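The structure appears below as structure tokens.
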Amino acid sequence: MKAIGYNQAGPITALDALIEFETETPALGPRDLLVEVRGISVNPVDVKVRANMAPDMGTKIIGYDAAGIVRKVGNDVKKFEVGDEVLYAGDITRPGTNSELHAVDERIVGKKPKSLGFAEAAGFPLTSITAWELLFDSLGIKEGEGKGDSILIIGGAGGVGSILIQLAKKLTGLTVIATASRPETIEWVQKMGTDHVINHRESLVDQVKELGLKPRYVAALTGTDGHFPAIVELIKPRGHVAFIDDPETLDIMPGKLKALSFSWEFMFASSMHQTDDIEKQHELLNRVSELIDDGTLISTVTGNLGKISAETLKDAHAQQESGRVIGKNVLEGF
């Protein structure tokens, strides 16, 4: 089968930053599906792995979103059959989705929304799982609750922020404050449904105070190093902060005087550690598909970069590295 991968970690500008090659069809474990990949998307994790993690041996295949058709099932598969249309974000410890065929544990796979094509559907899994787990597991908010409280989402126009705004607005009573700094990103987070927009390049504290709000929850999606003092100052006592980015240092002691809670969200933790509740991601993705099909959630895809190739993937990685991607970029299958 065809696949795209890399042999050496480094910048996307290198000639061989990503290469197309032939490799064996993956063998299946007992709970695995073999999926014909019809669409993928690119996330910050793709860029981080390619730039910083040298392959243990050979050529490393990355890619952590896919939608496609089940072509074969493992001996103990219970949830899917050959021919089913699916979507998922995969497992960071296994070969990725930038390939014609891909093996994935059925317990982290959901049904593809009927209303979306494969490429557009591939824009949802990783960001939906991350946003859902952050909101309902890490922050502990329950569906239908949160009225009278607010959540500040730092980095509202990215892939996770775009879904998180929608989930918070459609499934909870929270007032949503999202940050954005450019005219096009401000327009985007308004389209996603945020109640208020503030600029993360200006004082968060001053802007939130002007709104007359004091958030109980903060979703720190990007720039946590620089924004942390403001987060501690503006959040309510006994508030809760959830992070997804990678701050170089994070001293949480200033949060003690407000008795703050802190959580990390990392959607690969379930598959990486084979947690007892790993099947929650299957259930979550099925619910997301239903919410898409009934119109509750709208697409966050802003760019389709064409068929998967070394060149189109290089373009997608370069755009992601620029920090200026709004929503999600997707690609069609080979």
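Summary table below
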| quantity | calculated |
| --- | --- |
| Matching strands (runs of 3 or more DSSP E) fully within the stretch 9-121 where at least 1 residues are more than 27 Å from GLY303 (Cβ to Cβ) | 19-22, 32-41, 66-73, 101-105 |
| Evaluation of ILE163 against (1) out of contact with any strand residue (DSSP E or B) (no Cβ under 9 Å at 6 or more places or on another chain); (2) surrounded by fewer than 24 Cβ atoms within 10 Å (Cβ to Cβ); (3) outside any loop (DSSP other than H, G, I, E, B) (one fails), failing number | (2) |
| Test result for LYS142, assigned to a loop (DSSP other than H, G, I, E, B) and out of contact with any helix residue (DSSP H, G or I) (no Cβ under 9 Å at 6 or more places or on another chain) | no |
| Qualifying residue in the stretch 58-65 (condition: farther than 21 Å from SER289 by Cα and of a type in the set (Ser, Thr, Tyr)) | yes |
| Selection from the stretch 305-329 of residues that are within 18 Å of ARG38 (Cα to Cα) and out of contact with any Leu (no Cβ under 7 Å at 6 or more places or on another chain) | SER309, GLU311, LYS328 |
| In the stretch 8-44, residue farthest from ASN75 (Cα to Cα) [restricted to those that are surrounded by fewer than 19 Cβ atoms within 10 Å (Cβ to Cβ) and among the small types (Gly, Ala, Ser)] | ALA14 |
| Matching entry among PHE268, PHE262 (being of a type in the set (A, V, I, L, M, F, W, C), touching an Asp or Glu at 6+ places or on another chain (Cβ under 9 Å) and surrounded by 14 or more Cβ atoms within 10 Å (Cβ to Cβ)) | PHE268 |
| Among (1) outside the structural domain of THR23 (by TED's automatic domain parsing); (2) in contact with a strand residue (DSSP E or B) (Cβ under 9 Å, 6 or more places away or on another chain); (3) of a type outside the set (S, T, N, Q); (4) not in a helix (DSSP H, G or I), the one test that LEU135 misses | (4) |
| Residue pairs meeting the criteria (Cβ under 9 Å; at least 6 apart or on separate chains; first surrounded by 14 or more Cβ atoms within 10 Å (Cβ to Cβ), in the stretch 169-184; second of a type in the set (Phe, Trp, Tyr)) | LEU171/PHE136; THR172/PHE136; LEU174/TYR217; ALA180/TRP188 |
| In the stretch 68-106, the residues that are surrounded by fewer than 21 Cβ atoms within 10 Å (Cβ to Cβ) and of a type in the set (D, E, K, R) | ARG71, LYS72, ASP76, LYS78, LYS79, GLU81, ASP84, GLU85, ASP91, ARG94, GLU100 |
| Residue in the stretch 166-185 that is more than 27 Å from ILE298 (Cα to Cα) and not assigned by TED's automatic domain parsing to the domain that holds THR296 present | no |
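The values are calculated or read from the model by the stated rules, or taken from the named source; none is laboratory data. These figures come from a predicted structure and were not determined experimentally. Here the Cβ is made from the backbone with ideal geometry for all residues, glycine too, and neighbour counts use every protein chain on show.
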